[in-house]
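The values are calculated or read from the model by the stated rules, or taken from the named source; none is laboratory data. Please read all numbers here as calculations on a predicted model, not as lab measurements. FYI the Cβ positions are ideal-geometry reconstructions off the backbone, even for glycines, and counts take in every protein chain you see.
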Amino acid sequence: MSNGETQVAQASGERGEHSMAFHNIKTIAKREISGYFASPVAYVFIVIFLLLTGFFTFMVGRFFDRGEASLAAFFLWHPWLYLFLVPSVGMRLWSEERRLGTIELLLTMPVSPWQAIVGKFLASWAFLALALVLTFPLVFTVNYLGDPDFGVILCGYIGSLFMAGAYLAVTCMTSALTRNQVVSFIISVVLCLFLILAGWPPVLEMLIKWADPGLVDTVAAFSVVTHFDSVQLGVLDSRDLIYFLSIMVFSLFTTGVIIRGHRAG
Amino acid sequence: MIKVDNLVKTFGPKRAVDGISFTVERGEVLGFLGPNGAGKSTTMRMVTGFIPPTAGRISVGGHDVVDQPIAAKRLIGYLPENAPAYADMTVLGFLSFAAEMRGLTGEARRKAVNRVVEMCFLESVVHQSVDTLSKGYRHRTCFAQSIIHDPPVLILDEPTDGLDPNQKHEVRTLIRRMGEKKAIVFSTHILEEVDAACTRAIIIDRGKIVANGTPEQLRSRSEQAGAVALRVAGIPAADVTAKLRELPTVRKSQVLAEAAGFATVRAYPNPDGRNGALQESLFELAVRQNWKLAELRTEEGRMDEVFRSITLPDTMPAANKTEESK
Ligand SMILES: Nc1ncnc2c1ncn2[C@@H]1O[C@H](COP(=O)(O)OP(=O)(O)OP(=O)(O)O)[C@@H](O)[C@H]1O
Ligand SMILES: [Mg+2]
């Protein structure tokens, strides 16, 4: 046996299955994140995200006129803000991989497809988390203006991050569908829009006129808005987080099925 | 190392790979030949575990590729067709990523990257972004990726595609050298590469193996193999062929050229005329007839002729059509 071979054999022998999976996910995520920052796109995205949150919070949400020391005006717009921003982050995840043909490299390396899917998803999620963390000046602002409830604010951030994750998983799924990023973007916006509209008050009011309340509640239960509203008000109910998590698990699982389908031809 | 048994892949109604079986042991370099769309890349994609076979079994190093994909993939280095690489990375970043995915970290990773950078002559572009590389350099980068973990099995889909003549030569030499210790499969459209690098070659046509053997065996399937060409001064070619036809060792003779007082004629051997008997009898004939012999040479088979005669039926009419339309 040549040197390299023994090294590889040792490397895989020393580590258990789990730490190998962890190593693979970490390596894939690291590559993905460095991919974001290799181009100016990441910085442009973060700037746009911060500008838009600022615009919605202060201009549309009338942050100062509310006269309350909370971030309600900030979180209120997140379902809509993410509608376009999250798909623009996630649309390249698999479509780019297919367009370049690198998916053939990635999936012939000793990783399982779910490790690749999770690694890529976590990388983009971490990137979104970074953008969210960079809104911290708002927290200082409300703290300066009054006496906010930090528990509620933390809840809001956690809920927002989970909602971003749910959108991102949906985008991940659509990006596996096509090698065209724009198509993947459009489909994911449409899907996420459904998730919003199902629980958006104007839509619910319309529905309630001609459907029975039980049905309306069921529809609303599928909406991110319903679940996000309660979280951002400071009620961290495990059911809401489970809702977001199940969207993620379902979408990522479907991503795996789609990718397997492509390979089967 | 590689065992492929009755491999089938269908895309819809189309059978892209139709019952292919072969084995490759350590120390062997197997060349894959075949016209466009024959199923070479599809076969390689199945061997490397990228696409699942419709039917048949593949085992690499004793691991079934479908049932134990991770263990099998660990042993394989793969250069896909068109040499894909992450456009947003530098060559160094890309190779480090590949090494890490192969379980190499820290010092081992650094060493592995340096080794392949040197082997594939990538020193001048290590810090360049992959999407600004020229085609040949991108190809070499992807090739470097495939050997970074020094795998016992190498699958290379057109490894010399897009390389300049010097680099083609380097890669062939490298393949032959690595082939002493590894099991290598590579596909190519360049027939000289079969002689230059392979210990054995397979010709695939429309999903089936149509020829399988060492380069010499394949070449001997050529009609020309064992034929003798002779060049005679001052005699009409027709007279020469007339005399040739009388010999018991000659099955058929053919005028190749008649110019400047020289007649060049080729004689094809009968079963009696094999193994040098034909050349000997031609020489005796020339002595008897007092011919001024300018050249007498036994021809080797030609790979391109074998390739064409085996895979011809499909391409010939098309080629004729395009000529007529001109
Ligand atoms: N994903 C796919 N879906 C449908 N048909 C496919 C797919 N991949 C390959 N084929 C078909 O399978 C056949 C074999 O293709 P393959 O790429 O294996 O040929 P090849 O021998 O590598 O040819 P080339 O010399 O041009 O590279 C072709 O007819 C091709 O059109
Ligand atoms: Mg091919």
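Scanning the range B:61-94 for residues that are facing another protein chain (nearest Cβ under 9 Å), among the aliphatic types (A, V, I, L, M) and part of a helix (DSSP H, G or I) returns B:I70, B:A71, B:A72. Looking across B:R57, B:R26, one residue alone is more than 8 Å from ligand 1 (Cβ to nearest atom), without any contact (Cβ under 8 Å) to a residue 60 or more places away in the chain and surrounded by fewer than 18 Cβ atoms within 10 Å (Cβ to Cβ). It is B:R57. Looking only at residues in the range B:120-152 that are among the charged types (D, E, K, R) and crowded, with 16+ Cβ neighbours inside 10 Å, the one that is nearest to the other protein chains (Cβ to nearest Cβ) is B:D150. Could you tell me which residue of the range B:1-32 is nearest to ligand 2 (Cβ to nearest atom), considering only residues that are acidic (D, E) and touching a Lys or Arg at 6+ places or on another chain (Cβ under 7 Å)? Ranking the candidates gives B:D18 first.
Tell me, please, whether a residue that is assigned to a loop (DSSP other than H, G, I, E, B), more than 12 Å from ligand 1 (Cβ to nearest atom), within 11 Å of chain A (Cβ to nearest Cβ) and under 23 Å from A:I259 (Cα atoms) can be found in the range B:32-50. The answer is yes; a qualifying residue exists.
Here is a yes/no grid of residues against (1) within 16 Å of ligand 1 (Cβ to nearest atom); (2) free of Cβ contacts under 8 Å to residues at least 40 places away in the same chain; (3) farther than 17 Å from B:D150 by Cβ; (4) under 23 Å from the mean Cα position of the chain (by Cα):
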| position | (1), (2), (3), (4) |
| --- | --- |
| B:Y78 | yes, no, no, yes |
| B:A87 | no, no, yes, no |
| B:F94 | no, no, yes, no |
| B:A98 | no, no, no, no |
| B:M101 | no, yes, no, no |
| B:E107 | no, yes, no, no |
| B:L133 | no, no, yes, no |
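Note on the range A:111-177: enclosed helices (runs of 4 or more DSSP H) holding 1 or more residues that are at pLDDT 95 or above are A:113-133, A:150-177.
Every residue, every condition in (1) more than 30 Å from B:A85 (Cβ to Cβ); (2) surrounded by fewer than 21 Cβ atoms within 10 Å (Cβ to Cβ); (3) among the charged types (D, E, K, R); (4) in contact with a strand residue (DSSP E or B) (Cβ under 6 Å, 6 or more places away or on another chain), yes or no:
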position	(1), (2), (3), (4)
A:F58	yes, yes, no, no
A:S70	yes, yes, no, no
A:F75	yes, no, no, no
A:G90	no, no, no, no
A:W94	no, no, no, no
A:S124	no, no, no, no
A:V139	yes, yes, no, no
A:L145	yes, yes, no, no
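Right, B:P35: within 15 Å of ligand 2 (Cβ to nearest atom) and under 30 Å from B:R109 (Cα atoms) or not? Answer is no for this residue. Quick check on B:P13: is it more than 8 Å from ligand 1 (Cβ to nearest atom) and in contact (Cβ under 8 Å) with a residue 12 or more places away in the chain? Considered against the rule, which asks whether it is more than 8 Å from ligand 1 (Cβ to nearest atom) and in contact (Cβ under 8 Å) with a residue 12 or more places away in the chain, B:P13 comes out as no. Hey, can you tell me all the residues within the range B:171-194 that are more than 16 Å from ligand 1 (Cβ to nearest atom) and either modelled with pLDDT under 90 or at positive phi (or both)? Listed by number, the list holds a single entry, B:E192.
Here B:S21 meets the list (1) surrounded by 22 or more Cβ atoms within 10 Å (Cβ to Cβ); (2) closer than 27 Å to B:H189 by Cα; (3) more than 8 Å from chain A (Cβ to nearest Cβ) almost entirely, failing just condition (1).
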